[in-house]
Each structure stands twice: as C-alpha cells, then as structure tokens.
Amino acid sequence: MAAYFVTSTGTDIGKTFVTAGLIRYLRESNQPVAAFKPIVSGYDSSVAETSDPAVLLSALGRPVSADEVERMAPWRFRAPLSPDLAAAREGRRVDFDKLIAFSRAAIKAATGPLFIEGVGGIMVPLDGQRTVLDWMTALNIPLLLVVGGYLGTISHTLTALDVLAQRKLTVAAIVVSEGDRDTVELDDTVASIARFAGKVDVVGLPRLPAGINHHPAIARIAGLL
C-alpha cells in the first residue's frame with residue numbers, strides 16, 4: 001500500500017465514513033496507517049467532537065484536541081460552503097501551494113498506508129482558479145472514488161470517471177456508499193457502474209450503524225489498495 005486520495009462525486013456521500021472504516025480495519029491488522037483531511041468546510045469548534053477530523057482522529061486512536069485537529073485539518077472554515085466561498089467569508093483563502101506542500105510532506109513522512117481525504121466532490125473550487133481536481137492532479141497518487149447509492153449516481157459517477165481519465169489519474173477502486181434514503185438497490189447500482197468502469201473494481205458498502213470495519217466490503221476495499 002501507498003498513499004491514496006479519497007475523493008467523491010459530491011458532499012455528504014461517505015468519504016469520511018469509508019476512510020474511517022479502512023483506518024480501523026488496517027489498525028486491527030497492525031498496519032501503521034495515517035490520514036489527513038486538510039480542508040474542512042462547515043467546521044464548528046464548539047462541536048468539534050462530531051466533525052470529520054474528529055471521526056478520523058478517533059479511528060486513528062488519537063485524541064480530539066485542538067492541536068490534533070490542527071495537525072489533521074489546517075484549513076478549517078465555519079461556513080458549510082465550497083472552500084473558496086467559506087474562506088472568503090472569513091477574509092482568508094486556501095493557499096494552493098501550501099496545500100500541495102502539506103500533502104506532499106504527509107506522503108513523504110508516511111510509514112504505511114496514508115489516506116488524504118478531499119473536500120466535497122472532484123470539481124469543488126479551492127480558490128478563484130483551482131479545484132480539488134487540480135489538487136489531485138498535482139499529487140498524482142491513486143484515487144479512492146466514493147460515490148452514493150442514490151438515483152442519479154450512475155451518471156454522476158461516469159462523468160467523474162471521464163474527467164479523471166482526461167487528467168490521466170488512476171482510480172484504485174470505486175466505493176458505492178449506501179445512504180439511508182436510497183431508492184435503488186445497492187447491488188443494482190454497483191452492477192450498473194461496473195459495466196462502464198472498465199477494469200476498476202466497484203464495491204458496494206452498506207450503510208451499517210456500527211462496526212463497518214468488520215464488514216467484508218471494507219476488507220475487500222483494503223485488498224484492492
């Protein structure tokens with residue numbers, strides 16, 4: 001295993017859910033896993049314990065303290081908007097060069113599997129010119145594409161795959177993360193995406209209330225990385 005960028009077709013689809021499950025699974029296998037979510041929008045320090053950085057820190061077995069959150073997610077913004085808009089509301093901006101330097105330093109320092117979790121979907125603006133896609137292109141590491149199980153996800157997923165192929169980015173696996181209100185059977189969605197995904201494996205992950213690190217889908221995803 002090496003470094004992987006966890007991205008998605010949109011927000012609130014399951015990137016952190018999947019990443020945390022993989023972290024717990026790998027830790028139980030005694031692997032020195034690491035993870036970062038450098039940019040977070042919608043971050044409220046008064047309820048930091050429920051934030052995405054907190055979920056990842058807990059999975060890693062680290063305390064949810066101000067210092068640990070800072071190390072996990074240096075760019076945090078209060079407004080639940082794209083990073084460019086959320087930063088502007090605070091008179092700030094995402095320094096793209098520093099973001100790339102931070103990410104590359106994390107990759108260099110990793111002694112085992114590393115997950116860098118993106119923000120929102122692949123085309124979310126980071127500043128006035130760059131998107132998450134530019135971030136991923138600069139790093140050029142394999143991607144774990146997390147998509148939803150909702151009606152319409154097939155089109156969104158295939159569009160994402162086309163865009164990623166244009167940038168010559170490698171997709172290590174596609175994870176269909178089932179939502180609580182999906183109206184399409186998970187297996188049907190997985191099968192439909194797989195027909196168009198070429199050689200990329202597509203794994204369906206049920207939305208379980210707890211213990212997802214013990215679900216066979218997590219083990220299969222880990223085996224593909």
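The values are calculated or read from the model by the stated rules, or taken from the named source; none is laboratory data. Predicted model only: the values in this text are computed from it and were never measured. Ideal geometry is used to build each Cβ from the backbone, glycine not excepted, and the neighbour counts take in all protein chains shown.
Quick look at the values:
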quantity	calculated
Residue within the range 148-155 that is touching a Ser or Thr at 6+ places or on another chain (Cβ under 7 Å) and of a type in the set (A, V, I, L, M) present	yes
Residues of the range 1-33 that turn out to be over 22 Å from ARG207 (Cα atoms) and in contact with a helix residue (DSSP H, G or I) (Cβ under 7 Å, 6 or more places away or on another chain), as a count	2
Residue match in the range 14-29 (condition: part of a loop (DSSP other than H, G, I, E, B), modelled with pLDDT under 90 and under 26 Å from LEU186 (Cβ atoms))	yes
Output for the range 136-151, where each listed residue is without any contact (Cβ under 8 Å) to a residue 40 or more places away in the chain and either assigned to a helix (DSSP H, G or I) or within 22 Å of LEU81 (Cβ to Cβ) (or both)	THR137, ALA138, TYR150
Some residue of the range 66-80 being crowded, with 22+ Cβ neighbours inside 10 Å, under 24 Å from VAL202 (Cα atoms) and not hydrophobic (A, V, I, L, M, F, W, C)	no
LEU133 being part of a helix (DSSP H, G or I), crowded, with 19+ Cβ neighbours inside 10 Å and without any contact (Cβ under 8 Å) to a residue 40 or more places away in the chain	yes
Subset of the range 157-169 (residues that are surrounded by fewer than 18 Cβ atoms within 10 Å (Cβ to Cβ) and part of a helix (DSSP H, G or I))	LEU158, THR159, ASP162, VAL163, ALA165, GLN166
Near pairs, Cβ below 8 angstrom, 6+ apart or cross-chain, from the range 4-24 (in contact (Cβ under 8 Å) with a residue 60 or more places away in the chain and farther than 19 Å from THR50 by Cα) to any residue that is of a type in the set (Lys, Arg) and buried (at least 23 other Cβ atoms within 10 Å of the Cβ)	VAL6/LYS15; THR7/LYS15; SER8/LYS15
